[in-house]
Amino acid sequence: MRPRAARLAALAALLLFIALASTAAGATASVNISGFAFVPASLTISVGDTVTWTNKDAAAHSAVVNGVGQTPVLSQNQSGSLTFNAAGTFPYVCGIHGAAMMGTVIVRAVATPVPTVAPTVARTVAPTAQPTAVPTVEPTIPPTPTTSPTPTATAIATSAAPTVAVVVPSETAAAPAASSDGGGSSSLIIAGAAILAIAVIAGVLTRVRR
């Protein structure tokens, strides 16, 4: 597509250049002077064109154009030219015979050629890939382990030391009848019982403390 577009643009530029060159150079239109008349009597040209008069008569003639100029006096088969650089209608007469010989030159403005615009080749733009957003991973919070309550040391209630009832034999009930030694054996028995009771109490207190 691009080489073709470039060729079309080059061709359009060439045609525009030729048109401008031909406009600048101008064209040439011809009028014959014959039988004491201008042939053709009315001529249409463009701005920048040149009109050439050629005398075909044996008599001398010329062309006088108001606002443009005049040709030299032309003998038979001689030619003279005038260039018209402005648009409008220009009547003219013979410089020798006056109004008896009249003509008209109509000059039209040159249309400005519209330049040919080369077609614009649309460029195909590849779509830009949108970056894929990486999903944010929420950090997993490990569950807080449930702390088992520290077992509270249960106070071990100590049992009260068993009360040891020491039965002290009544002197009257346990003791046999007074011996002949005058109660000495009864005193020994009572003392032994008391010592035994004290030993039992001491043993119980030792277990409780442990």
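Only the coordinates and a few stated rules stand behind these numbers; no lab work does. Since the structure is predicted, the reported quantities are computational estimates derived from the model, not experimental observations. Because the Cβ atoms are built from the backbone with ideal geometry, glycine has one as well, and the counts that use them run over all protein chains shown.
Rounded to the nearest 0.05, what FRET efficiency is calculated for GLN76 and ALA99 with R0 set to 22 Å and r the Cβ-Cβ distance? Before the final figure, lay out each step's value.
Working: r = 23 Å, r/R0 = 1.03.
Plugging the Cβ-Cβ distance into 1/(1 + (r/R0)^6) gives 0.45.
Stretched out fully, how many nm does the piece from ALA109 to LEU205 gain, at 0.36 nm a residue minus the Cα gap?
Length difference between fully extended and current span is 19.9 nm.
Per residue of the range 66-75, what does 6.51 cos²θ - 1.76 cosθ + 1.60 with θ = phi - 60° give for ³J(HN,Hα)? Whole Hz please, x for Gly and Pro, Karplus curve as stated.
5, x, 10, x, 8, 8, x, 5, 9, 7
Under 5 Å between amide hydrogens, which residues at least 5 positions from PHE90 or on another chain qualify, with H placed 1.01 Å from N in the peptide plane?
Here VAL105, ILE106, VAL107 satisfy the definition.
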